[in-house]
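Below you'll find the structure, written out as structure tokens, and then a few comments.
The values are calculated or read from the model by the stated rules, or taken from the named source; none is laboratory data. Just so you know, these numbers come straight off a predicted model, no measurement behind them. Reconstructed Cβ throughout: ideal geometry from the backbone, glycine too, with neighbour counts over all protein chains shown. Just so you know, the surface numbers come from the protein's heavy atoms only, side chains and all, with ligands and any DNA or RNA stripped out. Shrake-Rupley method; radii C 1.70, N 1.55, O 1.52, S 1.80 Å.
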There are 2 protein chains.
Amino acid sequence: MARAGLTAERVTEAAADLADAVGFENITVSALARSFGVKDASLYSHVRNLRDLRERVALLAAGELADRIAAAVAGRAGKEAMVAFANAYRNYALAHPGRYAATQAVQLDPAALARSTVYARTIELTHAMLRAYRLAEPDLTDAGRLLRSAFHGYITLEANGGFSHSRAVQRSWERALDGLHLLLENWPAESPPHTADGERT
Amino acid sequence: MARAGLTAERVTEAAADLADAVGFENITVSALARSFGVKDASLYSHVRNLRDLRERVALLAAGELADRIAAAVAGRAGKEAMVAFANAYRNYALAHPGRYAATQAVQLDPAALARSTVYARTIELTHAMLRAYRLAEPDLTDAGRLLRSAFHGYITLEANGGFSHSRAVQRSWERALDGLHLLLENWPAESPPHTADGERT
DNA sequence: TACCTTTGCCTAGATGTATTAGGCAAACAC
DNA sequence: GTGTTTGCCTAATACATCTAGGCAAAGGTA
């Protein structure tokens, strides 16, 4: 009986492909084992358990996404960099829905976070992309958070069918980027805190 | 043996509470049955299956959320309405993480969508909240999509620990709302479509 | 070549979950 | 009080995660 030649990396990549095909929430050790033609128990030599597998897929995807973004923003600045960042982000998420879901759905424990630098890298990339807008802290953090929120939210809603089909999403997306660019160029000065509604009860 | 007095509504609400406690992805028919002190099979008289149960929770939560938003924007306009909408949205999501996740995680089939009006209601509320900004279509749709994306994205990232703890999220959120208000007041005129990067390959 | 250690994959089994079929008895209508 | 509905049950099937322990192939060492 020839061996299948499994490694943790190969298993993780197959799991990521499976996630893209059937959705991140629907990956199972059983299905993964079937795709390799081995028994379920065999995978547990390479991966601690299902949770560990999902974490690995999340880190793999976060790394890939950061790579795409880094390549997109390299050599660009200002609006060009912002648009390139946004499109790299969106294109990856739409092309690899399972992988992208993994980057969000997994609650990483601090240990796993420390082991990897991907998330710090993403934040650095965001700040680099924003550099031309000349924002000083804490505006830089605030603007970065809003941008990532807008990208992430737009893509999740789009992928989940949250936008009715009356208007083409592509065109709408471009207008959103135009708007965000304008906002970054005119980031408002600090104002007094809001009233009671904003404080949770 | 006294009966537990189950109905579809009671089961759905218990499932929603369970979701808030343990996460929407972790609700199981078994756990739900245990919480009622009945056997698993008993629940299948009230709910078709797990998928049906999750759909019901999603619709329940979407309705509650719409109610909160409606109450918040009533009698307000302009920035006040926008901020009230945003805070109602965020406060609900943070107070009821499982319910909120349900509104996003469930892929509703067209049949279920037709049965309920909640999603249409949410879009109407968005448009009503934007009224004072005097946007005409298609800008209204585009701005509405961006706003919902920003709210949703911000809240998901916040709830998943996507923001490092260097700056208080509450203050950051208020600045984001200031920024979005400014953007809505200065929504940019239509510009020519973007270049190749924005078109998916 | 023969040995030995590692390691990849196996069988077997415990446990937990979703789901269906069919039954009994409480609650209710009259 | 009889009949019908309905709420919850037992029993059984299928499939998932995960552990323990075993055998045999790969690869290094003599």
| message | How many Å² of accessible surface get buried when B and A come together, counting both sides, probe radius 1.4 Å, rounded to the nearest 100? | response | 5000
| request: Kindly write out, for region A:98-104 in residue order, the coupling ³J(HN,Hα) from the Karplus curve 6.51 cos²θ - 1.76 cosθ + 1.60 (θ = phi - 60°), rounded to whole Hz, with x marking Gly and Pro. | output: x, 4, 5, 4, 4, 5, 9
| Shortest-first nm distances, B:N160 label point to equivalent points in other copies (7 Å, Cα→Cβ) | 1.1
| field | Apportionment of accessible area to carbon and sulfur, chain B, percent (1.4 Å) | value | 54
| request: Just the Kirkwood number for region B:57-187, please: inverse of mean 1/r across all distinct Cα pairs, in Å, one decimal. | output: 15.4
| task | Run the quick spin-label model on B:A128 and A:Q107: label points 7 Å from Cα toward the beta carbon, then report their separation in nm to one decimal. | result | 3.5
| remark: Given a 1.4 Å probe, the accessible area of the protein assembly as shown per residue, as a whole number of Å², is 48
| field | Fraction in percent of alpha-carbon pairs per bin - 5 Å, region B:31-100 | value | 3, 16, 18, 17, 13, 11, 9, 7, 5, 2, 0
| said: Taking the Cα of B:T117, stepping 7 Å toward and past its beta carbon, and measuring to each backbone N in region B:59-85: which are under 19 Å? | reply: B:59-74
| said: With +1 on the Cβ of every Lys and Arg and -1 on the Cβ of every Asp and Glu, and nothing else charged, how large is the dipole of the protein assembly as shown about its Cα centre, in debye rounded to the nearest 20? | reply: 780
| request: Find the Rg to Rh ratio for the protein assembly as shown, where Rh is the Kirkwood radius over alpha-carbon pairs and Rg uses the same atoms. | output: 0.98
| query | Between exposed GluC sites (Glu not before Pro) in chain B, where DSSP calls loop and at most 16 other Cβ atoms lie within 10 Å, what's the longest gap? | reply | B:1-189
